[in-house]
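The values are calculated or read from the model by the stated rules, or taken from the named source; none is laboratory data. Everything quoted here is computed from the prediction, not taken from an experiment. Methodologically, a virtual Cβ is constructed for each residue, glycine included, from the backbone with ideal geometry; neighbour enumeration extends over all protein chains shown.
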Amino acid sequence: MTEKTVLNATHRALGARMVDFGGWDMPINYGSQIEEHHAVRRDVGMFDVSHMTVVDLHGARARDFLRHLLANNVDKLKVHGKALYSCMLNERGGVIDDLIVYFLGEEHFRLVVNAGTRAKDLAWIEKQAAPFEVQVKERPEFAMIAVQGPHARAKVLDLLREVDRPRIEKLGKFAAAAAQGPHGMPLFVARTGYTGEDGFEIIVPQEHAVALWEALHAAGVAPAGLGARDTLRLEAGMNLYGQDMDESVTPWEANLGWTVSLDEGRAFIGRAALEQQKAAGVPRVMVGLVLDGKGVLRHGQKVLAANGEGEILSGSFAPTLDKAIAFARIPAGEAGDLRVDIRGREVPVRQVKYPFVRDGKACDGI
């Protein structure tokens, strides 16, 4: 049975085109996906991300548990509300999921994990938490709205009670704090996102979600669907779980080595496999591709390199750049000139460093 967020009827009333996304009935767009993309890059847009799973961890050994569970080191989290992006690995070093963890107290951390991996994530987390006597509590009573774009923060700040505004305005990136929104609704406001633009991801009790969405809409925030969210995150160089990495892929192979902390004395799950692969040499690498000619790069297309074959992971037309871009996984080593097999035609592509877009503009070399 397809699940629905509390905002489902609101999306339908706005004329959204709905699709099945990981078992959830979600808006792909409300009209023009490209216009929604540009709204976020140039002004402000909002996404219903209530399908994401919020999990609270409680216990005296919660930090010890997360030091064991995650490839990144939660000891970096020392200030209340600070957040950390990390992968959660299996014993082979494969990515079970990528997630954000928030420090809310020495005995209280919050995780936000992907919707499509909810069941396996919860089962894995609960299994690993048991020896640490950490309570794992899913929070299905929460909804989440992401407000993103150059004017996102200003729009959200205007809706907060006056006493909260200075504190939320000073909130650094990858940090969160409690505040009150319209009609005194309690909000958990995080300066995070999945678009490459500034903004907030707001966790709100379900009973207030429709009112918050409507207040943002009335303030001029454009609704945007999952289609625009996907092209925005690809331009920003952000991985999508299940497409760019999964349990058969290590962080080294997903260009996520920056999220791995090989700090001394911390035996996190998958560490031995990561160290072994690093010492032996990573067999595959993830790269950015740009197609300057006509055509579209799509998931699953074959990439032809001098030293073997790879494949397109995420690929799409990039509205900000007016050309096709992609992530690809190819054999490590000298790849030479790259070509992509598009319906039997070998099309030349350029290998580039990503992100492709930063601050609303093409990055150097794109």
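Search region 126-137 for residues that are assigned by TED's automatic domain parsing to the domain that holds residue 65 and pair each with any residue that is of a type in the set (Lys, Arg) and modelled with pLDDT of 95 or more when their beta-carbon atoms are under 6 Å apart and the residues are at least 6 apart or on different chains.
132/61
Is it true that some residue in region 352-366 is in contact with a strand residue (DSSP E or B) (Cβ under 8 Å, 6 or more places away or on another chain) and in a strand (DSSP E or B)?
So far as region 352-366 goes, yes, one or more of its residues are in contact with a strand residue (DSSP E or B) (Cβ under 8 Å, 6 or more places away or on another chain) and in a strand (DSSP E or B).
Identify, from the list 29, 72, 90, the residue that is in contact (Cβ under 8 Å) with a residue 40 or more places away in the chain, in contact with a strand residue (DSSP E or B) (Cβ under 8 Å, 6 or more places away or on another chain), of a type in the set (S, T, N, Q) and farther than 26 Å from residue 123 by Cα.
Result of the check over 29, 72, 90: 29.
Of all helices (runs of 4 or more DSSP H) completely enclosed by region 156-253, which ones contain at least 1 residues that are in contact with a Gly (Cβ under 9 Å, 6 or more places away or on another chain)?
So the answer is 206-218, 226-235.
Name, by its number, the condition in (1) surrounded by fewer than 19 Cβ atoms within 10 Å (Cβ to Cβ); (2) under 24 Å from residue 81 (Cβ atoms); (3) of a type outside the set (S, T, N, Q) that does not hold for residue 257.
Exception for residue 257: condition (2).
Is it the case, given these coordinates, that residue 5 is of a type in the set (Ser, Thr, Tyr), in a helix (DSSP H, G or I) and modelled with pLDDT of 95 or more?
No: the conditions fail for residue 5.
Restricting region 63-85 to residues that are within 25 Å of residue 200 (Cβ to Cβ) and of a type in the set (A, V, I, L, M, F, W, C), which is surrounded by the fewest Cβ atoms within 10 Å (Cβ to Cβ)?
79
Can you go through 289, 262, 321 and tell me which one is in the same structural domain as residue 129 (by TED's automatic domain parsing) and either without any contact (Cβ under 8 Å) to a residue 40 or more places away in the chain or under 19 Å from residue 196 (Cα atoms) (or both)?
262
Does residue 325 count as closer than 16 Å to residue 231 by Cα and surrounded by 20 or more Cβ atoms within 10 Å (Cβ to Cβ)?
yes
Here is a list: 88, 1, 18, 52. Which entry is out of contact with any Asp or Glu (no Cβ under 7 Å at 6 or more places or on another chain) and crowded, with 16+ Cβ neighbours inside 10 Å?
Result of the check over 88, 1, 18, 52: 52.
Can you pull out the residues in region 138-189 that are surrounded by 18 or more Cβ atoms within 10 Å (Cβ to Cβ), of a type outside the set (A, V, I, L, M) and within 23 Å of residue 101 (Cβ to Cβ)?
Those that are surrounded by 18 or more Cβ atoms within 10 Å (Cβ to Cβ), of a type outside the set (A, V, I, L, M) and within 23 Å of residue 101 (Cβ to Cβ): 142, 148, 153, 188.
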